[in-house]
Amino acid sequence: MQPGSGGSNGAIHERRVQYMSGPNQVRIAPSILSADFARLGEEVRAIAEAGADYIHIDVMDGHFVPNLTIGPAVIKALRPHSDLPFDVHLMISPVDPYVEAFADAGADIITVHPEAGAHVHRTVQLVKSLGKKAGVSLNPGTPVEMVDNLLGDVDLILVMSVNPGFGGQSFITSQLAKIEALRARIDGSGRDIELEVDGGINRDTAAAAIKAGAGVLVAGTAAFSGGADSYADNIRRLRGA
Ligand code: DX5
Ligand code: ZN
């Protein structure tokens, strides 16, 4: 696939084979929330060249979470800048009316919070009906049982290790037990479900999250610190944690 042709439903497989890490390696999903918003296209290219596996995009509505970020138009504008999968984390409520716009904009994975709508199973089906991978995200206060009736459907479970809304917060260590519990559930399901952790990831917390069973680490501050010359080292350090 050529840069610029992203966004079509058939593109995900081609994008997914371009992982920088091996199949059993931890994947790194830098959150562009910590990038320079005035140069987002360049930042996406730089972090992709530095070895990112996904581009994590935090969408906030100032209502479901107390912050406002970006919408589908920005995702569409970024799409030509990288062939990496766009891992779109929707922190918006209601969510269903906007899912199609994010799919059309070029999202590959669309992750939603069960609290963002009355029918999370329906939302997951909606994401899948659009040919996208579906993720469900658990806030620190959301019990692990929330996923029990979704394990047959989702492609990704996102554990929030901070309360969503801002980058730069501290990792909530009680979430490690949740990661362990989810790892057991995922392995028991026999399905290929990615287990991703988001919030307060640095070298130390990355190691703890990996040990607990996480396979994908979202990192904002830790990935984008020090400017573009540091990105490759930042990612290497997290992957090797
Ligand atoms: C928080 C977002 C995160 C955030 C992570 O609501 O979902 O993706 O950007 O930032 P750090 O890594 O700085 O905690
Ligand atoms: Zn996120």
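The values are calculated or read from the model by the stated rules, or taken from the named source; none is laboratory data. Only a predicted model underlies this, so the values are computations on that prediction, with no experimental measurement involved. Every residue, glycine among them, receives a Cβ derived from its backbone with ideal geometry; neighbour counts consider all protein chains shown.
Do you know which residues across the stretch 47-61 are surrounded by fewer than 24 Cβ atoms within 10 Å (Cβ to Cβ) and away from ligand 1 (no atom under 11 Å from the Cβ)?
Step one: filter the stretch 47-61 for residues surrounded by fewer than 24 Cβ atoms within 10 Å (Cβ to Cβ), giving 48-51, 60-61.
Matches in the stretch 47-61: ALA48, GLU49, ALA50, GLY51, ASP61.
Identify the residue in the stretch 186-205 that is closer than 17 Å to VAL147 by Cβ and buried (at least 18 other Cβ atoms within 10 Å of the Cβ) and, among all such residues, is nearest to ligand 2 (Cβ to nearest atom).
ASP198
Kindly indicate which of ARG183, ARG203 is out of contact with any strand residue (DSSP E or B) (no Cβ under 7 Å at 6 or more places or on another chain) and either modelled with pLDDT of 95 or more or more than 17 Å from LEU138 (Cβ to Cβ) (or both). Break it down stepwise before answering.
Working: ARG183 fails: out of contact with any strand residue (DSSP E or B) (no Cβ under 7 Å at 6 or more places or on another chain).
Testing whether each residue is out of contact with any strand residue (DSSP E or B) (no Cβ under 7 Å at 6 or more places or on another chain) and either modelled with pLDDT of 95 or more or more than 17 Å from LEU138 (Cβ to Cβ) (or both) leaves just ARG203.
Among the residues that make up the stretch 204-216, is at least one of them in contact with a Gly (Cβ under 9 Å, 6 or more places away or on another chain) and not in a helix (DSSP H, G or I)?
no
Can you say whether THR111 is surrounded by fewer than 20 Cβ atoms within 10 Å (Cβ to Cβ), within 15 Å of ligand 2 (Cβ to nearest atom), within 18 Å of the chain's Cα centre (by Cα) and modelled with pLDDT of 95 or more, as far as the supplied structure shows?
no
Among the helices (runs of 4 or more DSSP H) lying completely within the stretch 1-95, list those that include at least 3 residues that are over 26 Å from ARG239 (Cα atoms), away from ligand 2 (no atom under 16 Å from the Cβ) and at pLDDT 95 or above.
Passing ranges, in order: 72-78.
What number of residues within the stretch 128-147 are more than 16 Å from ligand 2 (Cβ to nearest atom), more than 13 Å from ARG191 (Cβ to Cβ) and touching a Lys or Arg at 6+ places or on another chain (Cβ under 9 Å)?
Of the residues in the stretch 128-147, 2 are more than 16 Å from ligand 2 (Cβ to nearest atom), more than 13 Å from ARG191 (Cβ to Cβ) and touching a Lys or Arg at 6+ places or on another chain (Cβ under 9 Å).
When only residues in the stretch 130-167 that are within 11 Å of ligand 1 (Cβ to nearest atom) and of a type in the set (Ser, Thr, Tyr) count, which is surrounded by the fewest Cβ atoms within 10 Å (Cβ to Cβ)?
Only one residue fits best here, namely SER137.
Can you tell me which residue among ALA212, ALA208, ALA222 is surrounded by 14 or more Cβ atoms within 10 Å (Cβ to Cβ) and under 15 Å from ALA52 (Cα atoms)?
Just one listed residue meets the conditions, ALA222.
Answer yes or no as to whether LEU182 is within 16 Å of ligand 1 (Cβ to nearest atom) and crowded, with 19+ Cβ neighbours inside 10 Å.
No: the conditions fail for LEU182.
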